[in-house]
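> I am attaching a structure below and will ask some questions about it afterwards.
Derivation of every value follows stated rules applied to the coordinates shown; laboratory data play no part. These numbers come from a predicted model, not from an experiment. Cβ: placed from backbone, ideal geometry, glycine included. Neighbour counts: every protein chain shown.
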Amino acid sequence: MQTVTRTSSRDKAKEWRKRIDDHVDALAKAVDDVRASESFKRFLDVQAKFHRYSWHNTMMIFMQKPDASQVAGFNTWKKIGRFVRKGERGIMIFAPMTFQSKDAKGEIELDENGKAVRGMTFRPVHVFDASQTDGEPLPSVDVPTVEAVADDLLGKLARVTERRTIALTFKAIDGGAFGASMKGAIEIDNRHSTGQQAKTLAHELAHEALHWDIKGTFTRSVAELEAEAVAYVVCAHFGLDVQLRSSRYIALWDGDSKGLRGSLDRIAKTAREIIDDAEAVANQKAVA
Ligand SMILES: [Zn+2]
């Protein structure tokens, strides 16, 4: 007796989806493990103590100390367990302050409801950069760079980029970013391993496909979670393990398994399209 195996395209699509879901499940578990770790919790505790400065103050900090990394006032540093070194010059910013408004006779001004009228003013205060302090080391989360070599995958993804008429530039990028998506153009820092470059290129391809739609209502955190999850699935499909980096990256962008599940359809569709294109360009090359 002969058995005929026939896989319908619907079965194939289902099988595909299952494979992608399995990859995302593995990533989701890794992200939740990062978030549950003591070192990550400690990191978040300390981060929460740092103030988010206004755009104006951020500019003032940059002008006075262009290499500033983490800035806080004297007492905040004390709470974190670090001390401003003697003789360090503070960075001047303006702190908003409210005050009670007084009338011409020096009496507290009242509004129509009988409440004191409050005004707002700014007073100069001094803050200090981490480099001006000593004490307990600041907790940090290491997001390791991918060390593996993946010339073949990088080549495939470069051709996918070309096929999508996205301009691709390999160059040294200043400021710590490994790549950038600029709507129709991608830059990749070529000082890293080809495995890292392939991972970054898949991430930027996902941004190009998903995050330049002006009608999109996602936050930056969701955009980073989606792009990184797509990159993870594409890399996993081609046998490149980037789990350590991707899970920590997503956790640092405030992502978790719930967020990954919420974006699963978008992640699966985008990853599938990149993988299909990468396999198509590889076959083209074989024929040529
Ligand atoms: Zn990104």
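> Report the local net charge at T200: Lys and Arg +1, Asp and Glu -1, summed over other residues whose C-beta lies under 13 Å from its C-beta.
Net charge in that neighbourhood comes out at -2.
> What residues have an amide H closer than 5 Å to that of F94, excluding those fewer than 5 places away on the same chain, when H is modeled at 1.01 Å from N in the peptide plane?
Counting only residues 5 or more places away or on other chains, the set is V125.
> Tally Lys and Arg at +1 and Asp and Glu at -1 over the other residues with C-beta under 12 Å from the C-beta of V34: what net charge comes out?
Taking every other residue near V34 into account, the sum is -1.
> Can you give the FRET efficiency for H126 and K41, using 1/(1 + (r/R0)^6), R0 = 30 Å, r = Cβ-Cβ distance, to the nearest 0.05?
0.45
> If I take R0 = 30 Å and measure r between the Cβ atoms of D11 and F218 in this structure, what FRET efficiency does the formula 1/(1 + (r/R0)^6) give, to the nearest 0.05?
Once rounded, the FRET efficiency stands at 0.40.
> Residue by residue through the stretch 206-221, which ³J(HN,Hα) values in whole Hz follow from phi under the Karplus form 6.51 cos²θ - 1.76 cosθ + 1.60 (θ = phi - 60°), with glycine and proline marked x?
5, 4, 4, 6, 10, 10, 10, 7, 5, 7, x, 10, 6, 8, 4, 4
> How large is ³J(HN,Hα), in whole Hz, for each residue of the stretch 101-115 in order, when computed from phi with the Karplus curve 6.51 cos²θ - 1.76 cosθ + 1.60 and θ = phi - 60°, using x for Gly and Pro?
6, 10, 8, 4, 7, x, 9, 4, 6, 10, 8, 5, 8, x, 9
> Given the Cα-Cα distance of D174 and L110 and 0.36 nm per residue of separation, how much length would full extension add, in nm?
So the chain would gain 17.6 nm between D174 and L110.
> To the nearest 500 deg cm²/dmol, what mean residue ellipticity at 222 nm is calculated for the chain from DSSP H runs of n ≥ 4 alone, each contributing -39,500 (n - 2.57), summed and divided by the residues?
The helix contribution divided over the chain gives -16500 deg cm²/dmol.
> Can you figure out the FRET efficiency of D21 with A280, using R₀ = 25 Å and their beta-carbon distance, to the nearest 0.05?
0.65
> Tell me, what are the semi-axes, in whole angstrom and largest first, of the equivalent ellipsoid of the stretch 221-288 as set by the roots of 5 times the Cα gyration tensor eigenvalues?
Square roots of five times the eigenvalues give 26, 13, 8 Å.
> If I take all pairs of Cα atoms in the chain, what percentage of them are more than 30 Å from each other?
Summing the P(r) of the chain above 30 Å gives 49 percent of all pairs.
> So, one more: For the ranges 70-81, 135-146, what's the packing order if you count other beta-carbon atoms within 10 Å of each residue, average per peptide, and put the highest first?
70-81, 135-146
> What residue among T194, I250, H207 has its Cα farthest toward the positive end of the dipole of the stretch 181-288, where the charges are +1 on Lys, Arg and -1 on Asp, Glu, each on the Cβ?
Positive-most Cα among the choices belongs to I250.
> Another one. With each pseudo-label sitting 7 Å past Cα toward Cβ, what's the F94-D33 distance in nm, one decimal?
For F94 paired with D33, the spin-label model returns 5.0 nm.
> Sketch the reach of a paramagnetic label on H56 as a point 7 Å from Cα along Cα-to-Cβ, and name the residues of the stretch 125-166 whose backbone nitrogen lies under 20 Å away.
125-128
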